[in-house]
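The values are calculated or read from the model by the stated rules, or taken from the named source; none is laboratory data. Small disclaimer: the values here were computed from a predicted structure and weren't measured. Positions of Cβ are generated from backbone atoms using ideal geometry, with glycine treated the same way; all protein chains shown enter the neighbour counts. Note: areas computed on protein heavy atoms with side chains; ligands, DNA, RNA excluded. Shrake-Rupley method; radii C 1.70, N 1.55, O 1.52, S 1.80 Å.
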Amino acid sequence: MPIGILVNVASVFLGGILGAVMGKYIPDRINKALTSIFGLSAMLIGISMIGQMNSLSAVILSLILGGLIGEVVKLESSVNRGITVLAGHLPGSSLSGEQRDNIISMIVLFCFSGTGWFGSMNAGITGDHSIMFAKSIMDFFTALIFGATSGYMVGLIAIPQCAVFLALFYMSKSLMPLMTTGMIGDFKAVGGVITLALGLKLSKIKHYDAINLLPAIILVFFVSYFWGLLPF
């Protein structure tokens with residue numbers, strides 16, 4: 001049973017909804033302070049994941065190709081439009097540009113982090129849910145704060161998160177045996193770069209269209225594998 005995934009999904013849903021309900025009771029200075037702290041935390045997580053990289057060349061090539069694909073298909077713009085349409089059907093969810101940016105950042109952080117992907121696959125193979133339990137604690141408080149500033153949409157991110165993680169969980173027995181240690185390390189590094197970009201964005205240091213980099217998360221497995229076959 002994907003217990004860890006279900007706990008993680010529930011933490012995002014409950015945190016987001018609770019934050020939206022309680023948002024008016026949380027002072028702006030607390031919201032701003034915690035948003036900056038989460039930005040720093042995301043950067044720390046990203047840096048720690050980048051440190052597990054196996055091949056710098058494979059990671060850079062994956063990010064370049066993934067970023068180009070994301071830009072060509074206008075991935076972030078499409079997600080932005082979808083969020084705006086969906087938000088129009090929710091109570092109290094007239095979104096500002098900053099709120100949309102926050103929700104996009106949360107989609108990447110909750111659904112496409114290297115920790116979540118590896119944790120889901122690891123749970124499917126070994127039955128060890130500890131990674132997902134640890135992720136759930138951080139995700140709950142992150143969803144709580146961003147729910148307070150960006151509304152009910154944050155809680156609804158649990159829906160695509162559940163779909164992505166369950167797919168990885170049930171596919172893991174087929175996928176995990178095909179992966180080398182180097183491929184997993186490069187995958188974590190790509191996830192770390194994207195998470196670092198999110199941290200910079202949340203901290204208002206530098207704006208990145210992080211969703212446009214998401215194709216790199218898939219490409220890195222293939223690039224890392226074929227790069228490892230080269231005789232140098």
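Quick look at the numbers
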item	result
Residue tally, condition modelled with pLDDT under 80 and on the phi < 0 side of the Ramachandran plot, over region 141-161	2
Answer residue from region 116-140, given it is aromatic (Phe, Trp, Tyr) and within 15 Å of the chain's Cα centre (by Cα) and is modelled with the highest pLDDT among those	PHE140
ASP209 vs. criteria more than 30 Å from THR35 (Cα to Cα) and open to solvent by 60 Å² or more (accessible area, probe 1.4 Å)	no
Residue count for region 15-39, restricted to those that are surrounded by 14 or more Cβ atoms within 10 Å (Cβ to Cβ) and touching a helix residue (DSSP H, G or I) at 6+ places or on another chain (Cβ under 7 Å)	13
Every residue from region 18-53 that is at pLDDT 90 or above and either farther than 12 Å from THR142 by Cα or outside any helix (DSSP H, G or I) (or both)	MET53
Region 161-176, subset in contact (Cβ under 8 Å) with a residue 24 or more places away in the chain and open to solvent by 60 Å² or more (accessible area, probe 1.4 Å), residue nearest to GLY15 (Cα to Cα)	TYR170
Flag if ILE131 is touching a Pro at 6+ places or on another chain (Cβ under 8 Å) and aliphatic (A, V, I, L, M)	no
Selection within region 4-50 - under 24 Å from GLY192 (Cα atoms) and of a type in the set (Val, Ile, Thr)	ILE5, VAL7, VAL9, VAL12, THR35, ILE37, ILE45, ILE47, ILE50
Meets criteria (in contact (Cβ under 8 Å) with a residue 12 or more places away in the chain, in contact with a helix residue (DSSP H, G or I) (Cβ under 7 Å, 6 or more places away or on another chain) and surrounded by 24 or more Cβ atoms within 10 Å (Cβ to Cβ)) for ALA189	yes
